[in-house]
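Chemist: Pasting a structure here, questions to come.
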Amino acid sequence: MIRASFHGSLGRNAELKTVGENKVTKFSVANNTGYGDKKKTQWIDCDFWGNRGEKLINYLTKGQAVLIYGEIEL
């Protein structure tokens with residue numbers, strides 16, 4: 001298991017999906033590094049499993065700044 005943390009802005013509104021009996025909230029985060037001509041944007045797709053995502057979906061809107069801490073699945 002690899003733990004990671006990063007920050008960025010949401011690229012689109014979060015979507016709530018149902019997978020079997022489980023709920024998953026899906027969203028993409030733009031993480032910027034560097035500056036000027038060397039600025040790079042990396043898009044990270046995130047899945048938030050469980051019912052808590054259902055409560056957060058109204059706050060996870062395009063452009064919202066977020067700090068993410070979780071596990072990376074390779």
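The values are calculated or read from the model by the stated rules, or taken from the named source; none is laboratory data. On a predicted model such as this, the values are computed, not experimentally measured, just so you know. Cβ coordinates were reconstructed from backbone atoms using ideal geometry, including for glycine residues, and neighbour counts include every protein chain displayed. These accessible areas exclude ligands, DNA and RNA; they are computed on the full protein's heavy atoms, side chains included. Shrake-Rupley method; radii C 1.70, N 1.55, O 1.52, S 1.80 Å.
Chemist: For the stretch 1-55, enumerate the residues that are touching a strand residue (DSSP E or B) at 6+ places or on another chain (Cβ under 8 Å) and of a type in the set (Asp, Glu).
Modeler: Within the stretch 1-55, GLU15, ASP45, ASP47, GLU54 qualify.
Chemist: Looking only at residues that are touching a residue at least 60 places away in the same chain (Cβ under 8 Å) and open to solvent by 80 Å² or more (accessible area, probe 1.4 Å) in the stretch 26-71, which one is farthest from HIS7 (Cα to Cα)?
Modeler: Looking at the filtered set, the residue picked out is GLU71.
Chemist: Considering only residues that are among the basic types (Lys, Arg) and in a loop (DSSP other than H, G, I, E, B), look in the stretch 31-64 and name the one that is modelled with the lowest pLDDT.
Modeler: My answer is LYS39.
Chemist: Moving on to the next point. Determine which single condition ARG3 fails, assuming it passes every other condition in (1) open to solvent by less than 60 Å² (accessible area, probe 1.4 Å); (2) not in a loop (DSSP other than H, G, I, E, B).
Modeler: Failed condition: (1).
Chemist: Give LYS23, LYS17 a once-over and let me know the one that is within 20 Å of GLU73 (Cβ to Cβ), of a type in the set (Lys, Arg), in contact (Cβ under 8 Å) with a residue 24 or more places away in the chain and open to solvent by 50 Å² or more (accessible area, probe 1.4 Å).
Modeler: Residue meeting the stated conditions: LYS23.
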